[in-house]
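The values are calculated or read from the model by the stated rules, or taken from the named source; none is laboratory data. Predicted, not measured: the structure shown is a model, and the values here were computed from it. Virtual Cβ from ideal backbone geometry, glycine too; neighbours counted across all protein chains shown. Areas reflect the complete protein model, heavy atoms only, side chains present, ligands, DNA and RNA absent. Shrake-Rupley method; radii C 1.70, N 1.55, O 1.52, S 1.80 Å.
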Amino acid sequence: GWVTWAGDAMARLLKRVGDHLGRLNAALQENQAQLEARIAERTGELQEAQARLLHQEKMAAFGLLAAGIAHEVGNPLTSISSLVQLLQRRADDPYTLDRLGLVSGQLQRIRATLRELIEFSRPASTEKTRFTLSEVLDEALSIAKYYKRTRGRIATPPLPPDLPPLFGVRDQLVQVFLNLVLNAIDAADRDGHIDLAVTLLGHGLETMPQQGAVEVAVRDDGCGV
């Protein structure tokens with residue numbers, strides 16, 4: 001009887017020890033999984049930070065290049081424009097005046113492009129200001145039109161009346177819409193359609209209880225992700 005009792009007690013003890021070791025092993029595996037998840041999360045954050053830094057460096061280099069090009073092209077362009085104006089004052093026949101007028105118009109287009117290039121090359125501001133949605137969309141689309149696949153496929157959408165003014169970092173919002181538009185262009189086929197829609201949502205929302213909210217949608221008919 002004593003041997004039987006001792007055997008049962010030893011079996012119960014071993015079972016308790018085994019259960020405890022099992023719980024410890026499960027907790028260890030859970031901690032290991034959490035640690036691996038944290039490492040993966042931190043690694044992803046580090047990669048994103050490195051990608052943002054590289055993008056900022058590229059944009060800074062592009063800004064310097066754009067400013068240099070605008071400066072180098074702007075000086076001879078001013079001289080050409082002055083010569084065209086001088087010839088326009090001296091020309092007599094309608095044919096020459098008409099052709100000089102065409103040249104002058106194209107020079108104005110080049111000047112406008114240079115102005116937009118200079119604006120784009122300036123360092124982005126982080127100051128919060130008030131601005132309109134129309135200003136932001138116009139600037140984003142004016143930059144997007146230089147993308148090789150744009151080809152006039154998208155235009156500023158009609159805006160609802162009485163849109164509330166926006167308050168925030170203007171340059172960052174321009175970058176948001178520019179990224180959305182370029183992504184839509186990449187996703188759509190060459191003959192695809194890209195639509196911008198602006199909707200004034202209902203009033204009484206928690207984020208803007210006095211003025212409501214504005215929704216800007218960028219849609220394309222591509223295959224998606």
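See the values below:
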{"item": "Single match in Val3, Val73 (criterion: among the aliphatic types (A, V, I, L, M), in a helix (DSSP H, G or I) and exposed (fewer than 10 other Cβ atoms within 10 Å of the Cβ))", "result": "Val3"}
{"item": "Yes/no for Leu173 being at pLDDT below 85, part of a helix (DSSP H, G or I) and not polar (S, T, N, Q)", "result": "no"}
{"item": "Qualifying residues in segment 88-100 (those that are over 24 Å from Thr113 (Cα atoms) and part of a helix (DSSP H, G or I)) - the one least open to solvent (accessible area, probe 1.4 Å)", "result": "Thr96"}
{"item": "Which listed residue, of Leu24, Leu86, Leu13, is over 30 Å from Leu100 (Cβ atoms), at pLDDT 85 or above and aliphatic (A, V, I, L, M)", "result": "Leu24"}
